[in-house]
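Worksheet: one structure, shown below.
The values are calculated or read from the model by the stated rules, or taken from the named source; none is laboratory data. Model, not experiment: these values are computed from the prediction. Because the Cβ atoms are built from the backbone with ideal geometry, glycine has one as well, and the counts that use them run over all protein chains shown.
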Amino acid sequence: MTHLEKAVQLQRDGYHCSQAIVGAFAEELGYNIKDAFKISTCFGGGMREGGICGCITASFMVLGMALGFYDPQDKALEMYGNKKAEEFLALFKERMNGDITCKKILGYNIAEPDDLAVIRQEGLMPKLCPRAMSVCIGILEEMIREYRTREEELADENVEEAGDMGSAITRVDKRRTFMRSVTRLLEDEEKNVAFIQFDIRRFKIINDLYGEKFGDQVLFFIYEKLKTLCNENRFFMNLRADLFLVVTAYESFEELDDFIALLEKEFESFKKVKLQLIFGIYIVEDRSMEIRQMEDRAAMARKSAKREAVTNKLYYQEKFKELLYTRKFIEENMKAAIAEKQFQMYLQPKYSISQNKIVGAEALVRWIHPQRGMVYPNEFIPIIEENGFIRNVDYYIWEEAARFIKKCADLGINDCPISVNVSRQHLKDTEFIHVLMKDIDTMGIDKSLLELEITETADNYEITRMAELIKEDGFTLLMDDFGSGYSSLNVLLETPFDVLKLDKKFMDNMMASKKGMLILEYVVAMAKKLELGLLAEGVETKEQVALLSEIGCDRVQGYYYAKPMPQEEFFEKLLTDRGKK
Ligand code: C2E
Ligand code: MG
Ligand code: MG
């Protein structure tokens, strides 16, 4: 359904215009539709006072949700938000021939009780408002699309070209002088030297928002200021656009930290526009290294800092190099890996302690690269979750799991459910449910045999919303990694899970003390009372098995019983377990 179709449908169902517009976008933007209705009702109320068409106020709300103007501390975003609202209003006026009040569009004033009676009686809202709704939705779609494209560009390092300082020729000259100065500094073994690379977060937005001229002014301001901060032991260079490099000698770490803090302070704003700098710092250890390499290390640290939410500066660590190479390798090879079937489904058995029997398995992906060998999920999943490619990998594994279930069913084995992991990435929309349904239909398998594992995280709202849908569709839902960090008992209340999978770390922690053991015992008892299934993950020792069995947790998955294995191997194991071999 398109946004407009959704909005019109909502209006037919009796929702008013502002609810219909917000409702048409809410879910895909990650908002609970019921909450969105409540908020848009307030917006509608405000609109009635001012007489402005409710579609407009609702659209402002959608823009806020889509473009993220929720940080009241961020003045730049606030101004950006205002600018976008103005832009929206101008387009609306243009397309509606200047009509922006409810009275003009509807012919009656919704705030007047007499008018409202006529509107209701004659069903004017669904008759006359769809035009305003259609205009609003059209503009919203354009603005959101444009914003997303720009965000993508922003993520792409190569597009930072705006506001170059000086021409290419003077740049070469400057670079030569700069290199000479740095070489001289490095020759003096007495001096500690650090490379500091920094750029401005969201610089492209500043350019967009205030114009390139303003962007140039910002850069010029930084450029001029850096000149005053540099001396015979400190040099700087504008590498490109908003990217700067400072190489400095320093006496102590405190002094270096103070200098970075000073840069932050000096460049915290320009003409009241807030700037946020991101720093990567490389402390020179090996002076025989090429200067270019030192620069690269500062750059790697800056790029890593860019991905961090909690800090805006990072010192180079050896692991960044590895991480960066791994990331590059994954991004460059993931597509071919799907095409060439390098991803494989491994299965790890789940056992019942009391019956000493396989009661299911978890599907775990493995990437077997022809040159690099086995790549483990912890290496590549976070990266493909970031770029969205996880969807393709999961779809592949789900299909494999469904095929495996079919293979078992064909031999009369219908009591070995396979659980698959559902990345959080899927929970943004309902596409994954359709994919699962299709797999189940195509293979003609029993839905109860394909179980879904979802990991809880800090914000469980999406999970709760989707879990309800999944449950309505009749799937079995396992809460993965329970106790690993974000667990809250609220999730148990709000989300209809069927089974808790106790996380390995949680169990290890709990088993280490008497108090922990007591907690574990009560968690098991609580799960029983709530009629939840329970399974302990990462069980490695005989002692753990004995303990779990004693407190009443009968199902386990872990190296003690078996490691994840190729599906063929698991199939053989299952056949033996079921006495079919
Ligand atoms: P998970 O879903 O919690 O899977 C359990 C992990 O614990 C697996 O790691 C498994 O090999 C490991 N494990 C099992 N028993 C033991 C044990 O006794 N000791 C220890 N130390 N570890 C044990 P793996 O396969 O490396 O997967 C790591 C995580 O990557 C998984 O955690 C899951 O979150 C994710 N993952 C794996 N395959 C997929 C997939 O196909 N799709 C998605 N979306 N995520 C996946
Ligand atoms: Mg799992
Ligand atoms: Mg787990």
Only one of I405, I368, I413, I384 that is near ligand 1 (Cβ under 10 Å from one of its atoms) and β-branched (V, I, T) = I384
Would you check if there is a residue in region 510-524 being touching a helix residue (DSSP H, G or I) at 6+ places or on another chain (Cβ under 7 Å) and within 16 Å of ligand 1 (Cβ to nearest atom)?
-> yes
Restricted to region 531-555 and to residues being under 33 Å from the mean Cα position of the chain (by Cα) and over 15 Å from G483 (Cβ atoms), the residue nearest to ligand 1 (Cβ to nearest atom) is E540
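Being in a helix (DSSP H, G or I) and within 16 Å of ligand 3 (Cβ to nearest atom) narrows it down to one residue among I463, I470; which is it? Explain how you work it out, then say what you get.
Values: I470 fails: within 16 Å of ligand 3 (Cβ to nearest atom).
The conditions single out I463.
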Scan region 326-354 for residues that are over 30 Å from E451 (Cα atoms) and either modelled with pLDDT under 85 or of a type in the set (D, E) (or both) and jot them down.
-> E332
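Residues checked against (1) within 16 Å of ligand 3 (Cβ to nearest atom); (2) over 30 Å from M300 (Cα atoms); (3) surrounded by fewer than 17 Cβ atoms within 10 Å (Cβ to Cβ):
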{"site": "K321", "(1), (2), (3)": "no, no, yes"}
{"site": "K328", "(1), (2), (3)": "no, no, yes"}
{"site": "E332", "(1), (2), (3)": "no, no, yes"}
{"site": "A337", "(1), (2), (3)": "no, no, no"}
{"site": "K341", "(1), (2), (3)": "no, yes, yes"}
{"site": "Q348", "(1), (2), (3)": "yes, yes, no"}
{"site": "S352", "(1), (2), (3)": "no, yes, yes"}
{"site": "E362", "(1), (2), (3)": "yes, yes, no"}
Provide a single number: the residues in region 496-523 that are surrounded by 18 or more Cβ atoms within 10 Å (Cβ to Cβ) and within 16 Å of ligand 2 (Cβ to nearest atom).
-> 9
R372 versus (1) surrounded by fewer than 13 Cβ atoms within 10 Å (Cβ to Cβ); (2) touching a helix residue (DSSP H, G or I) at 6+ places or on another chain (Cβ under 9 Å); (3) modelled with pLDDT under 95; (4) under 24 Å from Y561 (Cα atoms): which is the lone unmet condition?
-> (4)
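Return yes when D173 is at pLDDT below 90, assigned to a helix (DSSP H, G or I) and within 29 Å of V284 (Cα to Cα) and no when it is not. I'd like the intermediate steps shown before the answer.
Details: at pLDDT below 90: yes; assigned to a helix (DSSP H, G or I): yes; within 29 Å of V284 (Cα to Cα): yes.
In short, yes.
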Looking across region 258-302 at residues that are surrounded by 19 or more Cβ atoms within 10 Å (Cβ to Cβ) and among the basic types (K, R), the single one that is farthest from the chain's Cα centre (by Cα) is R297
Hey, can you tell me all the residues within region 352-391 that are within 24 Å of P417 (Cβ to Cβ) and away from ligand 2 (no atom under 16 Å from the Cβ)?
-> S352, I353, S354, Q355, N356, K357, I358, R391
Which residue pairs have Cβ atoms under 6 Å apart, sit 6 or more places apart or on different chains, and have a first residue in region 194-205 that is modelled with pLDDT of 85 or more and a second that is surrounded by 23 or more Cβ atoms within 10 Å (Cβ to Cβ) and part of a loop (DSSP other than H, G, I, E, B)?
-> D199/D242; I200/D242; F203/D242
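Is there a residue in region 491-504 that is over 34 Å from the mean Cα position of the chain (by Cα) and farther than 17 Å from S352 by Cβ? Quick ask: steps written out before the conclusion?
To start, the set of residues in region 491-504 that are over 34 Å from the mean Cα position of the chain (by Cα) comprises none.
No, the conditions are met nowhere in region 491-504.
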Counting residues that are farther than 30 Å from E543 by Cβ and polar (S, T, N, Q), which strands (runs of 3 or more DSSP E) fully inside region 329-395 reach at least 3?
-> none
Taking the stated definitions as given, is E462 surrounded by 16 or more Cβ atoms within 10 Å (Cβ to Cβ), touching a residue at least 60 places away in the same chain (Cβ under 8 Å) and within 16 Å of ligand 2 (Cβ to nearest atom)?
-> no
